[in-house]
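The values are calculated or read from the model by the stated rules, or taken from the named source; none is laboratory data. Computed from a predicted structure; not experimentally measured. As a convention, Cβ positions derive from the backbone with ideal geometry for all residues, glycine included, and neighbour counts pool all protein chains shown.
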Amino acid sequence: MRIQPFSIATFSFFALVGPLQAQTFQAGNLSGDLVGKTALEWNTNPTYSSRNQLNDVFWITSLDVDSKWEFTKDNSLSFDLGAEYRDAFAHDELDSSNLHFSVFPNTRLEFLVRLSERVYLQVYDELNFYSDPTETTGVDPEGNVITDALFYERVHNTAGAFLQWELSDFDTLTAGAVRTDINSFTAAYANTELTAHTFSLNWQHLWNKRWSTQLVLSRYLNDYWEDLQNDSDGYGVSLVTTWKPSDYLTLVGDVGYQWRNFDRNGINGDRSDLSGMSWGLEAEHSVNEVFSYSLGYRDSVELGMISNYERTHSIRWATTYTGFNRSTITGRVGYEWSDDSGGFLAEEAERLDAQLSMEYQLGPSLDLNLRYGYLRKWSNRLDREYEQQIVRAELSYTF
């Protein structure tokens, strides 16, 4: 399980802001979307267990509100609020916190202001609640190994500010600062609680309408609240280029180098520091009006769950087909292999995941989504191997 990735990432100011989707309500300068969803999901192994697979069916219902208030043409305030609850039919221990339902608040507050003709400021705060069923193992008084469902519940709060300056029609400079706090409600995962800061400076140059380049400089600070994991600080630099040979093909490549020094205050047994390169390649191809696909490879580094960091190599293929009436079919296949940097419980693992889904428009505001997913993990730690299948049917209604 990964908690806080720190691979060097590209930055796009307006991609982060994001366009508002089709409006479903409007009152003066306030507009937005209101979407409700309900689903039935069959999961063969919701706790990712290697020995005690709790096959079950879940009922999941959610409500999402995305709103935007435009003060002026160039100044706006966005607010997103989501809530979800779920219930397991056969195993009450799979209900989060052993309740029959739980509410999962996900909110985002964002302020976008245009300071001058070429300078923009964005300030945001995003709060997300996660609850993932996992497994705990123990020994009873007779010496028998016993397992039980354990929920890894945590809150991620991310606050950031970005200042973008359009130097010219071809050059853009962006400076940003982001703080992330992770607070776990599960004592067994208290070692994952942390405060992380990322400072970045991004220069983007548009060579022509088909070719652009980004240079990203980053500074990382990471402080765990408990002394199991090692605190760290570091720097990163990356170069990203995007090239469109035609209107139907897009190629993206990036290469970066990262330095990170880890303290020795933790007790995870890992004394490794990070100094190495990461890179990735991706191609997106629109074959025709109804069929497109993407293929990519990535070599990345992320903070580890027990080790200082984890290096992952991944290959991904995804496709979309819209040739059927009122339907969209998507599929993806991914394979990755990873190695922990060290520690007492270092892991080497491989993972295969595949997903096929179909979305069908039942009416102007009602959609049906059918999805099948498969996940398989192999590991040198046998207690961390698992296999999982998911079948899900979901109805969504836009009010």
Open item on the list: Here is a check on your reading of the model: is Gly343 surrounded by 15 or more Cβ atoms within 10 Å (Cβ to Cβ), modelled with pLDDT under 95 and either more than 19 Å from Tyr48 (Cβ to Cβ) or touching a Cys at 6+ places or on another chain (Cβ under 8 Å) (or both)?
Closed with: yes
- [ ] Find all pairs meeting these conditions: Cβ atoms under 9 angstrom apart; at least six residues apart or on different chains; first residue within the range 210-227 and within 16 Å of Asp254 (Cα to Cα) and in a strand (DSSP E or B); second residue of a type in the set (Lys, Arg) and at pLDDT 95 or above.
- [x] Trp211/Lys244
Task: Considering residues of the range 24-56 that are more than 30 Å from Lys377 (Cα to Cα), at pLDDT below 90 and of a type in the set (Gly, Ala, Ser) only, the residue nearest to the chain's Cα centre (by Cα) - done: Gly32
Open item on the list: over 22 Å from Glu126 (Cβ atoms), of a type in the set (Asp, Glu) and either touching a residue at least 24 places away in the same chain (Cβ under 8 Å) or not in a loop (DSSP other than H, G, I, E, B) (or both): is that true of Glu41 in this structure?
Closed with: yes
Open item on the list: Every residue in the range 283-339 that is among the β-branched types (Val, Ile, Thr) and more than 27 Å from Asn380 (Cβ to Cβ), please.
Closed with: Val287, Val290, Thr319, Thr320, Thr322, Thr328, Ile329, Thr330
- [ ] Filter the range 354-394 down to residues that are of a type in the set (Lys, Arg) and within 21 Å of Arg51 (Cα to Cα) and give me whichever is surrounded by the most Cβ atoms within 10 Å (Cβ to Cβ).
- [x] Lys377
Open item on the list: Being more than 26 Å from the chain's Cα centre (by Cα), aromatic (Phe, Trp, Tyr) and either surrounded by 14 or more Cβ atoms within 10 Å (Cβ to Cβ) or at pLDDT 95 or above (or both) is true for just one of Tyr224, Tyr248. Which residue is that?
Closed with: Tyr248
Task: Residue tally, condition surrounded by fewer than 16 Cβ atoms within 10 Å (Cβ to Cβ) and not in a loop (DSSP other than H, G, I, E, B), over the range 255-285 - done: 9
Open item on the list: Take Arg260 and tell me if it is under 30 Å from Ala187 (Cβ atoms) and within 24 Å of the chain's Cα centre (by Cα).
Closed with: yes
- [ ] Of all residues in the range 294-327, count the ones that are basic (Lys, Arg), surrounded by fewer than 18 Cβ atoms within 10 Å (Cβ to Cβ) and assigned to a strand (DSSP E or B).
- [x] 2
TODO: With the condition kept exactly as written, say whether any residue in the range 279-295 is touching a residue at least 24 places away in the same chain (Cβ under 8 Å) and under 19 Å from Leu194 (Cβ atoms).
DONE: no
TODO: Working carefully through the options Tyr360, Tyr372, Tyr397, find the one that is over 30 Å from His285 (Cβ atoms), outside any loop (DSSP other than H, G, I, E, B) and not aliphatic (A, V, I, L, M).
DONE: Tyr397
Open item on the list: Just checking, does the range 186-200 include any residue being within 25 Å of Tyr297 (Cβ to Cβ) and either surrounded by 15 or more Cβ atoms within 10 Å (Cβ to Cβ) or in contact with a strand residue (DSSP E or B) (Cβ under 8 Å, 6 or more places away or on another chain) (or both)?
Closed with: yes
Task: Single unsatisfied condition, Ala349 versus (1) of a type outside the set (Val, Ile, Thr); (2) over 29 Å from Leu249 (Cβ atoms); (3) touching a Phe, Trp or Tyr at 6+ places or on another chain (Cβ under 6 Å) - done: (3)
- [ ] State which residue is farthest from the chain's Cα centre (by Cα) when the search covers only the range 325-350 and only residues that are aliphatic (A, V, I, L, M) and over 20 Å from Asp263 (Cα atoms).
- [x] Ile329
